[in-house]
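Notes follow the structure.
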Amino acid sequence: MDGTRPRVAIVIGGGGAPRFEAAVADWMTRLAHTATGLEAATIDLAAACLPVDPPPSGSQAPNADGVDGAADTRPCSVRDLAPWLAEADAFVVVTAEYHHGAPGPLKTAVDWFDAEWWAKPVGFCSYGERTGGAHATRQLREVFAGAHAVPVRDAVDLRSPDASLLPEAGPAAEGMLGQLDWWARALRLARDRCPRTF
């Protein structure tokens, strides 16, 4: 491992309150810098204009770079976003909860990528009126595990899309970011030493 600080991508899942999600991403970015020293950048999936429909296979991104040496035949918007995800060592997904789950476009976005998620830790910051988005987080844990990512144990659940309440969630966010930092370093070392065989 080269010893550089892990890079975390704060991924705005979209489908919720755009201004609030942007405020959460900014807050999480500041915490990443101050609490753990992680390098952080924001990726807004809504701005990426990804396909509405999932990939044809429905289970794995087709012909992504680095998979069996095949050419990347994914749509242009997917290919454009891929390097931004690939350079991250970890992710924090910011998402709303609808009907006890994550927004459909976020799930579809996850499905369009494969190697970009592989063996990288993922944390979640969700929001929803009754459960703080806990159902969305639970669903996304399974989705990312299916993409061979590593969901960390702790998450941030916000009960109201009110940016003035974010400081109250600071301890939970710092705990999650600390776990991301550890896992990002450990998994980066593992990826460097043990090339993917599956």
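Values in this text are rule-based calculations from the coordinates and carry no lab data. What you are looking at is a predicted structure, and each value in this text was computed from that prediction instead of being measured. As a convention, Cβ positions derive from the backbone with ideal geometry for all residues, glycine included, and neighbour counts pool all protein chains shown.
R0 = 22 Å: FRET efficiency of residue 5 with residue 80, Cβ-based, nearest 0.05?
Details: r = 25 Å, r/R0 = 1.15.
Efficiency at R0 = 22 Å is approximately 0.30.
Between 81, 140, 158, where does the largest GNM mean-square fluctuation fall for the chain, given springs only between Cα atoms within less than 10 Å?
81
So, how do all the Cα-to-Cα distances of region 77-161 break down into 5 Å bins, in percent, from 0 on up?
Calculated over all Cα pairs of region 77-161, the distribution is 3, 16, 27, 24, 17, 9, 3, 0 percent.
Would you grab the residues whose amide H sits under 5 Å from the one on residue 10? Only those 5+ places off in sequence or on another chain, please, with H modelled 1.01 Å from N.
41, 42, 43, 92
Beta carbons within 10 angstrom, averaged per residue: use that to sort the peptides 163-175, 37-49, highest first.
Numbers: 163-175: 14.8, 37-49: 16.8.
Listed from highest to lowest mean packing, they are 37-49, 163-175.
Taking the Cα centre of the chain as origin and charging only Cβ (+1 Lys, Arg; -1 Asp, Glu), how large is the dipole, in debye to the nearest 20? Don't jump to the answer; show the numbers that get you there.
Values: 18 positive and 25 negative charges, 70 e Å.
For the chain, the charge dipole is close to 340 debye.
State whether the chain is rounded, prolate or oblate according to the following rule on the C-alpha gyration tensor (a ≥ b ≥ c being the square roots of its eigenvalues): a/c under 1.5 gives rounded; otherwise a/b larger than b/c gives prolate, and the remaining case gives oblate.
Oblate, because a/c is 1.5 or more while a/b does not exceed b/c.
Each residue of region 84-97 in turn: what ³J(HN,Hα) in whole Hz from Karplus with 6.51, -1.76, 1.60 and θ = phi - 60°, glycine and Pro shown as x?
Taking θ as phi minus 60°, the curve returns 5, 6, 5, 7, 6, 9, 7, 9, 10, 9, 9, 8, 7, 10 Hz for region 84-97.
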